[in-house]
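Some notes on the structure that comes next.
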Amino acid sequence: MDLKSRKLLDKSFSSMGFFSIGMLILSLIIILAPIFIKGTGAFLFKGTIEFRKFDFEQFNRGDRTDLAKEKSKSEESRKFIYELISKFEEQIEEEDIPEAYKYEEELEDIISLIKELLGPSPGEESSVMMRDRYGANRWDKAIEISERILFSESWDYSDKNNMGTKILTPRINNFKGTILEDLFPYLEKNLEILLMPRLTFYWNFFFDRSFDSHLFGGIGPELLGTFYIVLGTMIFAIPIGIIAAIYLVEFAKPGKIINFINISISTLAGVPSIVFGLFGLAFFIMTIKVSNSKSVLAGSLTLALLVLPTIIRASEEALKAVPQTYKEAALSLGAGNIYTIFKVILPAALPGILTGIVISMGRAAGETAPIIFTAAVSVGNPLKLFETLSQPTPLLSWNIYNLVTEHESVESIRHIQFGMVFALVLLVLFLNLTAIILRARISKKLRG
């Protein structure tokens, strides 16, 4: 090949390499940007006075005097709505309105939405359910509820080519000529005074426990539980994986048994994760009874088996990549075989081993199927360290799935779902960054 063609080929391969890297970065931006944008909405949003009331009453946060002033102003603006509804109900009961029965069903719907927006009316008995004790705690949710009050929703299915067309009809049209007619323009005009939205940085979202099935509060137990499960998995998987790799590379002699072990490791890497979950339930919980039921310990042992093949293979390759001269030089100076492995070969292989550990940590943090049967619950309080031996815990990966697919108010907690995904991505990035920094320092130290 002549020099000109060679240079052209080199430039082509370089261009393809840069193009591939650019596409990878673009793909990551496309995937992660919506997660970060919507995820920040979980802790950076316009909070209403209902959120500040919740935060003060449950966690004693905020200024009591300022909150009292805001509550007084807000309650004063709400009086008109409650008085209007009360008078209208009296007129219906006394049948002062022609065909009063026609208004009863829609009035109940409006009262229910007002309660969802502003919380319980004055004098109403406090409910056990958190959702009935506070109104809309986020401004975007408040706007959505107010629109449902102002407009009734119906669907037109006359066009057979479409699934249906949503039609919004102003509710005020249904109450023309009644005193309740004044409610709708008042609500539309004074919504900000009624709820007093304010830009809120709720950083305690990452530490507070949830209330009322994640309708209020944060994701503290889920974040802590995920940290526990990843830590437990690595405690069990790393020593076993590295020791197994050292044996296979430095001590094992080729033969049928070693071939069988290698085939088993490769097969284990391809087993579906749900199988590990069922095995963990059957073996760790029901057979050897590491705990009476689900626990972080049982989940960690199950995930350790799941990531073990990755750590073994990565450690094997890292050990094989260490130049043979390192071993020969150590042995020639009189070092024993064990000393050479642990003091010379293993430190030189650490950067490659850390790569396998990083990948394993990310997988352990994001797995859902194995922990359903062994460690995860939907709601719960943060665990103390010793409780991980016997108690289950909420986990980010499981709760993301659970909230998206099974929650009764799935549309009302979209910010929580994205907030959990945001926290999980940050956790994995943090673990990876820590490992990358550690790997770089070890490599630098080895180079002298």
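Let me check I've understood the local charge: for L389, count other residues with C-beta under 14 angstrom from its C-beta, Lys and Arg +1, Asp and Glu -1. What total comes out?
Values: positive: K289, K294, K384; negative: E387.
Counting the neighbours of L389, the net charge comes to +2.
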Q.
Below 13 angstrom from the Cβ of K38, what's the summed charge of the other residues (Lys, Arg +1; Asp, Glu -1)?
A. 0
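Using the Cα atoms as the points, what is the convex hull volume per residue of the chain in Å³?
Working: hull volume 127.5 nm³, N = 448.
Each residue corresponds to 285 Å³ of Cα convex hull volume.
Give me the compactness ratio for the stretch 216-308, meaning the Cα radius of gyration over 2.2 N^0.38 Å. Write down the numbers at each step before the final one.
Details: Rg = 16.2 Å, N = 93, 2.2 N^0.38 = 12.3 Å.
With N residues counted in the stretch 216-308, Rg over 2.2 N^0.38 Å equals 1.31.
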Q. For the stretch 356-427, what is the convex hull volume of its Cα atoms per residue in Å³?
A. 109 Å³
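Tell me which trypsin sites (Lys or Arg not before Pro) from the stretch 262-318 have a DSSP coil assignment and no more than 16 other beta carbons within 10 Å of their own. Don't skip to the end; give the middle numbers.
Details: sites: K289, K294, R313; in loops: K289, K294.
Hits after loop and neighbour filter: K289.
How big is the Kirkwood radius of the stretch 220-447, worked out from every pair of different alpha carbons and given in Å to one decimal? Numbers along the way, then the final one.
Numbers: mean 1/r = 0.0525 Å⁻¹.
Computed over the stretch 220-447, the radius equals 19.1 Å.
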Q: Could you tell me which helices of the chain pass both thresholds, a Cα extent of 18 Å or more along their own axis and a mean Kyte-Doolittle hydropathy of at least 1.0, with helices taken as whole DSSP H runs?
A: 3-40, 220-246, 256-269, 296-321, 346-366, 414-447
Q: Using only alpha carbon positions, build the gyration tensor of the stretch 45-200, then give the equivalent ellipsoid semi-axes as the square roots of 5 times its eigenvalues, largest first, whole angstrom.
A: 30, 21, 13
Q) What net charge do the residues around L281 carry, taking every other residue with its C-beta under 13 Å from that of L281, with Lys and Arg at +1 and Asp and Glu at -1? A) +2
Q.
Given a 10 angstrom Cα cut-off, can you work out which residue in L303, L438, L195 is the most mobile in a GNM of the chain?
A. L438
Q | Stokes-Einstein D in µm²/s, Kirkwood radius over Cα pairs - the stretch 210-264 at 25 °C with 0.890 mPa s viscosity | A | 168 µm²/s
Q. Counting each DSSP H run of 4 or more residues in the chain as -39500 (n - 2.57), what helix-only mean residue ellipticity at 222 nm follows after dividing by all residues, to the nearest 500 deg cm²/dmol?
A. -21000 deg cm²/dmol
Q. Once amide H atoms are built 1.01 Å from N in the peptide plane, which residues 5 or more positions from L44, or in another chain, come under 5 Å H to H?
A. Y202
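Readers should treat all values here as calculations from the given coordinates under stated rules, not as data from a laboratory. These figures come from a predicted structure and were not determined experimentally. Backbone-built Cβ (ideal geometry, glycine too); neighbour counts: all protein chains shown.
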